[in-house]
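One structure is given below, encoded as structure tokens.
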Amino acid sequence: VQLAASLARATKERVLLVDGDMRSPDVHRVLQIPSSPGLADVLAGESTFEDAAASGWRENVDVLPAGRLRGVPHMLVGGNTLQDVLARARASYRFVVIDTPGGHTALSRAAHGRADLIVTPMNDSFVDFDMLGVVDPVTLDLVKPSLYALTVWEARKAKAVSSGRSLDWVVLRNR
């Protein structure tokens, strides 16, 4: 939420904040806006992108809440529907910020594959460090990269091959 607001304030450009965490959505609660229609409704064909993207939360910031999930999220993100939603978002907004679930999910993989920048917030705990890699608890040496780190690496390689553009990954301390 803060990233979207900061981008809009600093650049004076239009920003879309997407709540992609359909199993545990919270953007609508934080912003005190209706949860639906939203991303799940658009992906299920029950709403249009234009109707679901709520305008006016902040100057230059629109919000696409998670919506009403009826079923399993990964069933909604397959095919071209998510690609169509993201293409519409990119055509209308200078920045698209997607809040994805913190894990190896179909939506996270799809968003990573289309991103220009991935921001991973982490707390000071070994649970969060496991998102980056397996760390030896005695020596604190990296034993191997995590599934999430490998996912980001694959997305970076695919982006470079498909578009010749880079995908940056920033890991930040959360709080």
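The values are calculated or read from the model by the stated rules, or taken from the named source; none is laboratory data. Just so we're clear, the structure is a prediction, and the values are computed from it rather than from any experiment. Cβ coordinates were reconstructed from backbone atoms using ideal geometry, including for glycine residues, and neighbour counts include every protein chain displayed. Just the protein is used for accessible areas: all its heavy atoms, side chains included, with ligands, DNA and RNA removed. Shrake-Rupley method; radii C 1.70, N 1.55, O 1.52, S 1.80 Å.
Values for this structure:
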{"quantity": "Cα shape, the chain, gyration tensor, a/c 1.5 rule", "calculated": "prolate"}
{"quantity": "Where the chain is the region considered: accessible area per residue in Å², 1.4 Å probe", "calculated": "58 Å²"}
{"quantity": "Length added when fully stretched, residue 171-residue 117, from 0.36 nm per residue minus Cα-Cα", "calculated": "18.4 nm"}
{"quantity": "Two-site label geometry, residue 150 and residue 134: point separation in nm, points 7 Å out along Cα→Cβ", "calculated": "1.0 nm"}
{"quantity": "For a label point 7 Å along the Cα-to-beta-carbon line of residue 75, residues of the range 7-46 with backbone N under 20 Å", "calculated": "20-25, 38-46"}
{"quantity": "Pair residue 9, residue 23: separation of 7 Å Cα→Cβ label points (nm)", "calculated": "3.3 nm"}
{"quantity": "Highest-fluctuation residue, 133, 113, 71 considered, GNM on the chain with Cα pairs under 10 Å", "calculated": "71"}
{"quantity": "Residues with amide H under 5 Å from that of residue 17, placed H, sequence gap 5 or more", "calculated": "62, 63, 64, 97"}
{"quantity": "Sites matching GluC sites (Glu not before Pro) across the range 46-150 that sit in DSSP coil, with at most 13 neighbouring C-beta atoms within 10 Å", "calculated": "59"}
{"quantity": "Fraction of accessible area attributable to carbon and sulfur, the range 20-175 (%, probe 1.4 Å)", "calculated": "53 percent"}
{"quantity": "Cα centre as origin, Lys/Arg/Asp/Glu Cβ charges: the chain dipole, Debye", "calculated": "380 debye"}
{"quantity": "Rounded to 5, percent antiparallel among DSSP beta bridges of the chain", "calculated": "25 percent"}
{"quantity": "Residue 7 accessible area, assembled protein chains, probe 1.4 Å, Å²", "calculated": "40 Å²"}
